[in-house]
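**Q** Can you keep this structure in mind? I'll have questions shortly.
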Amino acid sequence: MVGSYLDRIEKQQRIARVRESAGGPLLLTSHESVAWYLEGVRTHVSFAGPPVAAVRADADGDTIFVADNEADRLIAEELLPADAERVVRVPWWIAPAAAAAAGEPGVPEVDVAAALRAARASMLSAEILRYQSLGRATAEVLTDALTGAHPDLTERQAASAVSAGLVARGIDPLVVLVAGAGRIGYRHPLPTSTPLGERAMVVVCGRRDGLIANATRWIGAAVDDEPILAVERAFLDASTAGARLDEAFAAGCAAYRRAGFDSEEWRRHHQGGPTGYAGRDPRATASTTDLLVENQAFAWNPTAPGVKVEDTLLRTSAGWETLTIDERWPSVEYEGMRRPAARAYA
């Protein structure tokens, strides 16, 4: 159990404001909302399955609907004691989300999605500590797993080493991508038996305590990363408290041309955006008008043929803090920030 009562009180107040605006009890039914509200509980059994818990947040308190065959574990290992007292056990053949919606009408999560994203956006003190720990652990796994990599190692062998390192640290490997030299053109390279060759890319999204750390690392031959770092910096500079997400997105996309890339490069892959309890919360587009706030996490991931940069960073009043950082990984300084460089083969 990793939850914080102080954070939970603040979250209850945020949810109360959303509930009052919506005019009824809220039904929290997604992995990101349930994990956020219940202080990082593991809401899955299968990564591909729906949450094993749902929350009905009402003016007179919360009711937590949990699949009966998962309830004992969640009560013993995941939930705050006060939450455990409000559990309703649901037969395995009924989805917790359906049980939460039965009876008195409630407001479905989809109807207040933007308001819930806003409620999650500003990280609280205990969340920040958990995210810092997750970010460091994720970066350390990448260093440990890839330090001994060599051109003859296959993509699947590299992915296996990374995945094993994540699991050993209690991190769910939600995404592990590897592209050897012959497959670098693929933006989402699911690992194959192909050797890494002279240059390779490794991408991870790892989840612990409900939070997700996102990072990309390159191994082997180095290339000129300055142009793609310039694009990333444009996204970061525009991601300030009070700005809108679509404005930050437009600023980063416009930087591709200035950095020497095709001006349409941004159309060929998503560019990332805010992160936290979802891999992107939300994925930035020209129509995502979420207001950006202090203590919000981001994982912008500008990419072009043969180059990409991605880390999980926290925007505070003092500036940017890189969460997925390991001092053992080689880096370069770009406009006052340390950014990851390619790690040469041993």
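**Q** What's the exposure ranking of R187, R315, going from fewest to most Cβ atoms within 10 Å?
**A** Final ranking by Cβ density, sparse to dense: R187, R315.
**Q** Report the GluC sites (Glu not before Pro) located in the range 49-96 that are in a DSSP loop and have at most 11 other Cβ atoms inside 10 Å of their Cβ, or state none.
**A** E85
**Q** Over the residues of the range 247-346, compute the C-alpha Rg and express it relative to 2.2 N^0.38 Å.
**A** Computed over Cα atoms of the range 247-346, the ratio equals 1.13.
**Q** Just flag the chymotrypsin sites (Phe, Trp or Tyr not before Pro) in the range 43-136 sitting in loop per DSSP whose Cβ has no more than 12 other Cβ atoms within 10 Å.
**A** Listed in order of number, the matching sites are F47, W92, W93.
**Q** For n ≥ 4 DSSP H runs only, could you compute -39500 (n - 2.57) per run for the chain, divide by its residues and tell me the 222 nm figure to the nearest 500? Intermediate values should be presented prior to the final figure.
**A** Details: 10 runs with 117 residues, N = 346.
Mean residue ellipticity, 222 nm, calculated: -10500 deg cm²/dmol.
**Q** Can you list, bin by bin at 5 Å, the percent of alpha carbon pairs in the range 287-346, starting at 0?
**A** The percentages, shortest bin first, are 4, 14, 20, 25, 18, 10, 5, 2, 1, 0.
**Q** Now a separate question. Among H44, H188, which comes first, then next, by fewest other beta-carbon atoms within 10 Å?
**A** The order, fewest Cβ neighbours first, is H188, H44.
**Q** Right, next: Project the alpha carbons of the range 136-233 onto their principal axes and report the range along each, largest first, in whole Å.
**A** Taking the Cα atoms of the range 136-233, the three principal extents are 35, 34, 22 Å.
**Q** Moving on to the next point. From largest to smallest, what semi-axes in whole angstrom does the range 266-322 give when each is the square root of 5 times an eigenvalue of its alpha carbon gyration tensor?
**A** 20, 15, 9
**Q** Per the Kirkwood treatment, what hydrodynamic radius in Å, one decimal, follows for the range 5-111 from the mean inverse distance over all distinct Cα pairs?
**A** 13.7 Å
**Q** Based on the inverse mean of 1/r over its pairs of different Cα atoms, what is the Kirkwood hydrodynamic radius of the range 48-124, in Å?
**A** Roughly 13.6 Å, rounded to one decimal.
**Q** Then there is this: Specify whether the C-alpha gyration tensor of the range 109-150 places it in the rounded, prolate or oblate class, a ≥ b ≥ c being the square roots of the eigenvalues: rounded for a/c under 1.5, otherwise prolate if a/b is larger than b/c and oblate if not.
**A** Because a/c hits 1.5 or more and a/b fails to exceed b/c, the range 109-150 counts as oblate.
**Q** For the range 125-340, what relative contact order do you get, as a whole percent, if you take Cα pairs closer than 8 Å and at least 6 residues apart? Each step should come with its number before you reach the end.
**A** Details: 444 pairs, mean separation 41.1, N = 216.
Reported relative contact order: 19 percent.
**Q** Just the Kirkwood number for the chain, please: inverse of mean 1/r across all distinct Cα pairs, in Å, one decimal.
**A** Result for the chain, one decimal place: 21.0 Å.
**Q** A follow-up question, please. Mind jotting down the distance between the C-alpha centroids of the range 225-294 and the range 42-105, whole Å?
**A** Here the two parts' Cα centres lie 36 Å apart.
Rule-based calculations on the coordinates, nothing more; no lab input. Note that this is a predicted model, so its numbers are computed, not measured. All Cβ positions, even for glycine, are placed from backbone atoms using ideal geometry, and neighbour counts span all protein chains on display.
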